[in-house]
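Working notes, structure below.
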């Protein structure tokens, strides 16, 4: 059995939403996959476990609130509510291409605190491409 | 990219820094036992923590403090000088971190202090680097009686 060496890294995932890179607006971005397992009992009384062949993805963003930059993330989202947006998230070793439906991020918060907001988007048509392939 | 072996980490960081800091700076792994008069802006690389938390076996997050010191011993001149130097160092680190995801800021503010309680002022910046817990292949001991090259 081969023991596979690992290459751990600190998170570095520049994100492009639409045609612009929005990394400077984003404090944290996470693409989370989830899958489900279906269980059923056949007519013979035998139990079966079947893994679903699709994965559902979500993109969680923690972004700064910047309503002043015309092409910034929040203004872009406000101008593209309900629009299908192509995105790319680049990680060391490859990149994820996916789509989300445009929706704005939160505004406001506790007075005196850094203005940020979090939002979770359904991500679909997610495809990972390894670097150099 | 893969993480550097822990034994080569400071040498690797020094190499990266030399490409990005102003020409003429001195970058030294570790503080000398006795600090002499500095002839140029100097950066010392000091290990401060080793933390395996959250990392897979065989790796550690090494905390490295970078102390950038002014060569000027006059307090006022030295303060202005080291304040300029720290900006150069921050910009250099930003470029290196952008290229190498094994290096990161430690999330602690940089602080200004007197280098080794002496007359030179320095800024202390904290970074973390993921390193692998490997050693270079040891060189076999020479056979006794064999003349050294």
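Of the residues making up the range A:96-103, at least one is over 27 Å from residue B:101 (Cα atoms) and touching a helix residue (DSSP H, G or I) at 6+ places or on another chain (Cβ under 7 Å). You will find that of A:105, A:61, A:114, A:73, the residue that is closer than 20 Å to residue A:27 by Cα, loosely packed, with under 11 Cβ neighbours inside 10 Å and touching a residue at least 12 places away in the same chain (Cβ under 8 Å) is A:114 and no other. Would you check which residues across the range A:117-133 are in a strand (DSSP E or B) and without any contact (Cβ under 8 Å) to a residue 40 or more places away in the chain and list them? A:125, A:127, A:128, A:129, A:130 - these are the residues of the range A:117-133 that are in a strand (DSSP E or B) and without any contact (Cβ under 8 Å) to a residue 40 or more places away in the chain.
Here residue A:89 meets the list (1) surrounded by 13 or more Cβ atoms within 10 Å (Cβ to Cβ); (2) closer than 16 Å to residue A:19 by Cα; (3) free of Cβ contacts under 8 Å to residues at least 60 places away in the same chain almost entirely, failing just condition (3). Within the option set B:59, B:20, being more than 14 Å from chain A (Cβ to nearest Cβ), touching a residue at least 40 places away in the same chain (Cβ under 8 Å) and more than 10 Å from the chain's Cα centre (by Cα) holds for one residue only, B:20. The set of residues from the range B:92-120 being under 19 Å from residue B:28 (Cα atoms), touching a residue at least 60 places away in the same chain (Cβ under 8 Å) and out of contact with any strand residue (DSSP E or B) (no Cβ under 7 Å at 6 or more places or on another chain) comprises B:92, B:116, B:118.
Residues that are part of a loop (DSSP other than H, G, I, E, B), surrounded by 10 or more Cβ atoms within 10 Å (Cβ to Cβ) and away from chain B (no Cβ under 14 Å) within the range A:1-56 comprise A:18, A:22, A:35, A:36, A:52, A:55, listed in sequence order.
If you go through the range B:121-138 and keep only what is surrounded by fewer than 14 Cβ atoms within 10 Å (Cβ to Cβ) and in contact (Cβ under 8 Å) with a residue 40 or more places away in the chain, you end up with B:135, B:136. For the range B:84-121, give me each residue that is touching a helix residue (DSSP H, G or I) at 6+ places or on another chain (Cβ under 7 Å), within 14 Å of another protein chain (Cβ to nearest Cβ) and in a helix (DSSP H, G or I). Answer for the range B:84-121, where residues must be touching a helix residue (DSSP H, G or I) at 6+ places or on another chain (Cβ under 7 Å), within 14 Å of another protein chain (Cβ to nearest Cβ) and in a helix (DSSP H, G or I): B:95, B:96. For the range A:37-76, the set of residues classified as at negative phi and out of contact with any strand residue (DSSP E or B) (no Cβ under 8 Å at 6 or more places or on another chain) consists of A:43, A:44, A:46, A:53, A:54, A:66, A:67, A:68, A:69, A:70, A:72, A:75, listed by residue number. Yes or no: residue B:54 in a helix (DSSP H, G or I) and either without any contact (Cβ under 8 Å) to a residue 24 or more places away in the chain or within 14 Å of another protein chain (Cβ to nearest Cβ) (or both)? Spelling it out, it is not the case that residue B:54 is in a helix (DSSP H, G or I) and either without any contact (Cβ under 8 Å) to a residue 24 or more places away in the chain or within 14 Å of another protein chain (Cβ to nearest Cβ) (or both).
Every read-out reported here was derived from the displayed coordinates using simple, explicitly stated rules and does not represent laboratory data. The shown structure was predicted, so the numbers you read here are calculated from the model rather than taken from an experiment. Backbone-built Cβ (ideal geometry, glycine too); neighbour counts: all protein chains shown.
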